[in-house]
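Working notes, beginning with the structure itself.
Bear in mind these aren't lab numbers, they're just calculated from the coordinates by the rules spelled out. Keep in mind it's a predicted model, so treat the numbers as computed, not measured. Every residue, glycine as well, gets a Cβ built from its backbone with ideal geometry; the counts of neighbours run over all protein chains shown.
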Amino acid sequence: MSTERLSRAVNLPGLAVIAVILLLWQAVDAVGLIHFAYVPSPLKIGSAFVSLLPTPSFWGVTLHTLGAVLLAWVIALLVAIPLGFLLAQLPVLRTWSMSSVNVLRSMPAVALVPVVLLTVGFSIQAEILVAVAVLIWPTMIATCLAVRNVHPRLDDVANSFRIKGSQKVVKLLLPAAWPPIVVASRLALTISIIVVFVTEMIGNPDGLGNALVSAQLTLRPAEMWVYLLWVGALGVALQALLDFAARWVLPGLAPVLKTGSR
Amino acid sequence: MAPAGGRTPQRGGAGARSTSILRFIAGLTPLVGVIVIWQFLGSDVSALLPRPSAWWGGWNAIVEGGQLPGSLLSTLSTFLLALAIALVLGACLGALIGSSRRADRSSSPLIAFLMSIPPAAVIPVATLVFGLSIGMRLGTIVFAAIWPILLNTVSAMRGVPAVRLEASRTLGLSPLARYTRVVLPSLAPGVLVGLLIGAPIALIVTLVAEMLTATPGLGYLILRSQREYQAPEVFAMLVLIGILGLLLNFGVSAIETRLLRNWPRRSN
């Protein structure tokens, strides 16, 4: 029973696939079958990781990037979710603003980087500003759709219980609209990592993005691979943390998160 | 195809179209308002936020530079080629993975990890390993845009009703006909949804790749203008890239409605 549950919780074949790929990579490097000067073996990348791990600069850039990612994410959610609610409640507002939102939303995110660097300068504020400007729109639209998709019968429920105004939002709309909003927020976290990272690569000389680029420019391939894999791992860890928190705070969400991850 | 479900009739007629255009224009009010206010409060000589009328000068400077047509062509052709490769590769791999539950389960951690690497992070690594080639740029764009196509194909494949496959067998279709007449049409909506999500990602990564490798293209032009502190040029390029993004958005949704007209409605 418990082994069955374990095999369901830990995806063993999936981990085996990753292990086989790493072993093959190591074997190809050891035999010298194909040789790329800048593709070190997994063991070399591992030892570079171990030697980077105790350095303060490694944790400095990691915390810098994580801080920017989370701050931008929180700011975007705090702005976008109330605005989404407002848009859903006021059809007039939708008519007079929705296509502006669509225009801004379809702006390719990276094009904002040079503009923000120009006006704000090379700083963590630039990273956060770009990420917020990208994250707000999809989150706002998802919130608006989630609230509008709340079943109209809940209006009748509100009427029969004489729940009005802010009470209606807190007691009925929010709980009913929550699941898609959580899924959208989770997607926003992924986008936040991507945008902050790009801004660091192109502009702000700090953080993991800059560390990766400078490892490339100074020809330290093992370190470069460490940063690449480290960012991927951080992304997976943040997602897992968010899922865990969401499941803990809102137990009813588990099935939604499962489908949302696909 | 059996007319299962049936799509709601298209809202046709010139009247419906003109009201939707009116709605679109009405919705632009806040954006236009900000630009008008900016025009009146801003100044031409501002080094950081030149007012919109000054952007025209920046546009002229870019046009006179003579690199715009080549850059536009380079960006668009790279983007379209990479998207086509991602579409074919993602749909094929997705169909393969989706045809077996075991393959789906054992590949999902690897895919989840690869997806969580910011696409831009792959560019310096690929530059070092493969050098500054068009193939390298295409590869990184495909790496970014393939996942939504692949994952949506996987779930479309897993969602093909068993009855449909059994029916094709009962009808005595050859394996090839079964594939082209039953499986592929069933996958099309999923692949298209993946394409809808993947196309903007591909455009973004195309621009990032140009910025990071300094290869000719719109991404490189806008970054160069920023490095030379030519604010009007930066804003002119921003408008151009924004229009491209908007056209892409319209194009992709037009393709979706056109192609999916004959398919049963998406369940979600």
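Quick check on the exposure proxy: order A:CYS144, B:CYS92 from fewest to most C-beta atoms within 10 angstrom.
Ordered by Cβ neighbours within 10 Å, fewest first: B:CYS92, A:CYS144.
Please rank B:GLU64, B:GLU256, A:GLU223, fewest neighbouring Cβ atoms within 10 Å first, as an exposure proxy.
Exposure proxy ranking, most exposed first: B:GLU64, B:GLU256, A:GLU223.
Each label point is 7 Å from the Cα along the Cα-to-Cβ direction; what then is the distance between the points at B:LEU171 and A:ARG148, in nm?
Inter-label distance under the simple model: 3.8 nm.
So which aspartates and glutamates pass the test for A:LYS44, namely a Cα distance under 17 Å, with those fewer than 8 places away in the same chain ruled out?
By straight Cα distance, A:LYS44 reaches A:ASP29, A:GLU223.
Under a Cβ-only charge scheme (Lys and Arg +1, Asp and Glu -1), can you give me the dipole magnitude of chain B about the Cα centre, in debye to the nearest 20?
1400 debye
Is there a quick way to get the dipole size of the protein assembly as shown? I mean about its Cα centre, with the Cβ of Lys and Arg at +1 and of Asp and Glu at -1; what is the value in debye to the nearest 20?
Charge dipole, the protein assembly as shown, about its Cα centre: 2300 debye, nearest 20.
Positive end of the charge dipole of the protein assembly as shown (Lys, Arg +1 and Asp, Glu -1 on Cβ, about the Cα centre): tell me which of B:LEU176, B:VAL34, B:GLY242 has its Cα farthest that way.
Going by the charge dipole, the pick is B:LEU176.
Please give the peptides A:224-230, B:225-231 ranked by average Cβ packing (other Cβ atoms within 10 Å per residue), highest first, as a rough proxy for protection.
My ranking of the peptides, most packed first, is A:224-230, B:225-231.
Give, in nm to one decimal, the length gained when the segment between A:LEU187 and A:TRP59 is fully stretched (0.36 nm per residue of separation minus the Cα-Cα distance).
43.6 nm
Would you tell me the mean number of C-beta atoms belonging to other protein chains that fall within 10 Å of each C-beta in B:120-133, as a whole number?
Per-residue shielding by partner chains comes out at 6.
How far is it, in nm, from the label point at A:PHE122 to the one at A:SER51 when both lie 7 Å from their Cα along the line to the Cβ?
2.7 nm
For peptide A:92-105, what's the mean number of Cβ atoms from other chains within 10 Å of each residue's Cβ?
5
Averaged across the residues of A:223-231, what count of C-beta atoms belonging to other chains lies within 10 Å of each residue's C-beta?
That works out to 3 on average.
Below 12 Å, Cα to Cα, which aspartates and glutamates can A:LYS168 reach? Residues fewer than 8 away in the same chain don't count.
Output for A:LYS168: A:ASP155, A:ASP156.
Once you put a point 7 Å from the Cα of A:ALA245 and another 7 Å from the Cα of A:ALA37, both along the Cβ direction, what distance in nm separates them?
Rounded to a tenth, the inter-label distance reads 4.5 nm.
For B:ALA26 and A:LYS164, FRET efficiency with R0 = 45 Å and r from the beta-carbon atoms, rounded to 0.05?
0.90
Sort A:20-27, A:174-181 by the packing proxy (mean of other Cβ within 10 Å over each peptide's residues), most packed first.
Final packing ranking: A:174-181, A:20-27.
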